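Take a look at the structure below.
The values are calculated or read from the model by the stated rules, or taken from the named source; none is laboratory data. Computed from a predicted structure; not experimentally measured. Cβ placement follows ideal geometry from the backbone for every residue including glycine, while neighbour counts extend to all protein chains displayed. Keep in mind that these areas ignore ligands, DNA and RNA; they rest on the heavy atoms of the full protein, side chains included. Shrake-Rupley method; radii C 1.70, N 1.55, O 1.52, S 1.80 Å.
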Amino acid sequence: MAAVLLCRCRALLSRPAGAPRARRGLAAGPEMHFGFQTVTEEERREKIYQVFENVAKKYDVMNDSMTLGIHRVWKDILVHKMNPCPGTLLLDVAGGTGDIAFRFINYVRSVRKRQLQRKLKHHQNLSWQEIFESYQKDEFNSLGDSQVVVCDINREMLKVGKQKAQHLGYSEGLSWVLGNAEELPFDDDKFDVYTIAFGIRNVTRIDLVLLYRSKLITPALSQALQEAYRVLKPGGRFLCLEFSHVSNPLLSRLYDLYSFQVIPVLGEVIAGDWRSYQYLVESIRQFPPQEELKAMIEDAGFFKVDYENLNFGIVAIHSGFKL
């Protein structure tokens, strides 16, 4: 079930032509990984952008196929861990086709509805007309001023997300922004929660942090993690859902077999793209284990950083707070 979701990994990398420009001053720079290949920083950006442009239209179908639908459960767990209340302002980076945003809206609506029901129960002496008017007034603002901003650098992914939102009837409290995770187009201290699901693996500067920790280059913190810290309000929460490392040796071997022998074949059959899904599998193997990612998040300034493994570590949810 592995490796699905090229997910929003796409998000975040500067595109060759047409997409927002990368942070000024970033040259081709040191060599880094594109799956198992060694490429320059600029080549990595371009290749990852192309991956998600190629798979955008089949993205959701492939996610279901590769994980047998389990990615839906992982995302549900992420939103329940967030536990947003009415009034929450969420930034979903690498938000792609809107999976996290739609779940956020559904969750807040549910909380809002329960609040309204409790409120009406405490007003037993109201007339039917007064109850109806109060209910209608509160129902009109079903999110309680909550908002979710979906930010992605890939135009095709955003296009698919907008079409999906229109088809499913999501419009209130939802906006879409073309932007680079390493140079977010938002003010400081703006959001209550920052989420990134299956996207941080492809942030270019993450690779530089790994090189730094291997003592191969000078220190460099992940620009994307710094940007996450910057745009969060004090007390705001960072949540990252990402593929990780399986601890059980037997399960790890089975996982590798499925990932390398099945995932690319599914990519070719369903999306007509073997290479993009071969990259997906390789990028997961190159990503740091849970404890190392935890340390990187702490390096960016976050406190109370911890993580929860799901399905024996196939994926992990990392959480941290800006205090």
(request) Within region 72-112, count every residue that is among the basic types (Lys, Arg) and closer than 18 Å to Ser171 by Cβ. (result) 3
(message) Quick test of your reading of the structure: Pro288 fulfils all but one of (1) assigned to a helix (DSSP H, G or I); (2) modelled with pLDDT under 90; (3) within 20 Å of the chain's Cα centre (by Cα). Name the failing condition by number.
(response) (1)
(request) Residues being open to solvent by 20 Å² or more (accessible area, probe 1.4 Å), in a helix (DSSP H, G or I) and touching a helix residue (DSSP H, G or I) at 6+ places or on another chain (Cβ under 8 Å): count how many of those fall in region 83-108. (result) 2
(request) Could you tell me which of the residues Val281, Val246 is assigned to a loop (DSSP other than H, G, I, E, B) and touching a residue at least 40 places away in the same chain (Cβ under 8 Å)? (result) Val246
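Only one of Gln286, Gln261 is in contact with a His (Cβ under 6 Å, 6 or more places away or on another chain) and of a type outside the set (Val, Ile, Thr). Can you tell me which?
Residue meeting the stated conditions: Gln286.
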(request) Quickly run through region 145-171 and pick out the residues that are part of a loop (DSSP other than H, G, I, E, B) and open to solvent by 60 Å² or more (accessible area, probe 1.4 Å). (result) Asp145, Ser171
(message) Just checking, does region 43-50 include any residue being open to solvent by less than 10 Å² (accessible area, probe 1.4 Å), charged (D, E, K, R) and modelled with pLDDT of 75 or more?
(response) no
(request) Report, by residue number, each residue of region 252-303 that is open to solvent by 40 Å² or more (accessible area, probe 1.4 Å), within 30 Å of Arg237 (Cβ to Cβ) and not hydrophobic (A, V, I, L, M, F, W, C). (result) Arg285, Gln286, Pro289, Glu291, Glu292, Lys294, Glu298, Asp299
